[in-house]
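A quick write-up on the structure given underneath.
Every read-out reported here was derived from the displayed coordinates using simple, explicitly stated rules and does not represent laboratory data. No experiment lies behind these values; they were computed from the predicted model shown. Quick reminder, even Gly has a Cβ in these numbers, built from the backbone with ideal geometry, and neighbours come from all protein chains shown.
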């Protein structure tokens with residue numbers, strides 16, 4: 001894979017903390033149905049890349065279900081894939097189509113088979129992320145309560161940070177209790193971009 005700079009997105013620049021500039025505070029919104037994850041099929045990991053407003057995205061999976069959507073690194077460099085992964089665009093045609101529709105403001109809910117690899121706890125938190133509606137946010141504390149561990153906000157945050165399926169499993173919708181953006185693997189400017197995009201489409205700003 002080539003190394004390239006991500007296309008700029010509007011946001012907070014290089015900071016690791018930021019207040020949500022969207023006139024919104026985390027609340028307990030009506031939840032949507034939980035996405036049921038599949039178990040990854042044994043075999044070589046297949047991957048492809050696609051351009052997006054966030055820069056080049058890396059999609060990977062088992063050939064039947066999507067296991068990851070990675071944004072560029074915080075410094076803008078394209079991510080490199082592990083040795084042994086197989087470049088294959090065909091399994092990701094529908095995922096690419098839905099992601100393009102999402103960025104164009106034409107799609108609010110993804111309908112894709114997902115097979116992330118993680119611990120039982122991580123999978124539990126990631127499944128909870130899929131219940132946060134488009135255009136809404138939730139705090140780490142709220143998610144901790146919803147997964148039955150009300151004192152585990154920090155553990156929820158760690159699992160959230162390891163979510164491999166960015167955008168589609170919406171870890172960007174989790175913010176601090178005081179409205180701060182807190183962390184995001186792809187950088188806070190990308191998190192702000194995604195939240196702003198959703199709120200504009202949902203008519204919330």
**Prompt:** Of everything in region 153-180 that's assigned to a loop (DSSP other than H, G, I, E, B) and under 14 Å from the mean Cα position of the chain (by Cα), which residue is surrounded by the fewest Cβ atoms within 10 Å (Cβ to Cβ)?
**Reply:** 162
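Going by what's in this entry, would residue 63 be described as free of Cβ contacts under 8 Å to residues at least 40 places away in the same chain, surrounded by 15 or more Cβ atoms within 10 Å (Cβ to Cβ) and either in a loop (DSSP other than H, G, I, E, B) or touching a helix residue (DSSP H, G or I) at 6+ places or on another chain (Cβ under 7 Å) (or both)?
Values: free of Cβ contacts under 8 Å to residues at least 40 places away in the same chain: yes; surrounded by 15 or more Cβ atoms within 10 Å (Cβ to Cβ): yes; either in a loop (DSSP other than H, G, I, E, B) or touching a helix residue (DSSP H, G or I) at 6+ places or on another chain (Cβ under 7 Å) (or both): yes.
Against the criterion (free of Cβ contacts under 8 Å to residues at least 40 places away in the same chain, surrounded by 15 or more Cβ atoms within 10 Å (Cβ to Cβ) and either in a loop (DSSP other than H, G, I, E, B) or touching a helix residue (DSSP H, G or I) at 6+ places or on another chain (Cβ under 7 Å) (or both)), residue 63 qualifies.
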**Message:** Can you confirm whether residue 112 is surrounded by 15 or more Cβ atoms within 10 Å (Cβ to Cβ) and part of a loop (DSSP other than H, G, I, E, B)?
**Reply:** yes
**Request:** State whether one or more residues within region 131-149 are touching a strand residue (DSSP E or B) at 6+ places or on another chain (Cβ under 8 Å) and under 22 Å from residue 39 (Cβ atoms).
**Result:** no
**Fill in**
Note on region 40-60: residues surrounded by 15 or more Cβ atoms within 10 Å (Cβ to Cβ) and closer than 23 Å to residue 191 by Cβ are 49, 50, 52, 53, 54, 55, 56, 57, 58, 59, 60
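Please count how many residues of region 33-49 are closer than 25 Å to residue 133 by Cα and in contact with a helix residue (DSSP H, G or I) (Cβ under 7 Å, 6 or more places away or on another chain).
Of all residues in region 33-49, those closer than 25 Å to residue 133 by Cα come to 33-39.
Then keep just the ones that are in contact with a helix residue (DSSP H, G or I) (Cβ under 7 Å, 6 or more places away or on another chain); that gives 34-35, 37.
Residues flagged as closer than 25 Å to residue 133 by Cα and in contact with a helix residue (DSSP H, G or I) (Cβ under 7 Å, 6 or more places away or on another chain) within region 33-49 amount to 3.
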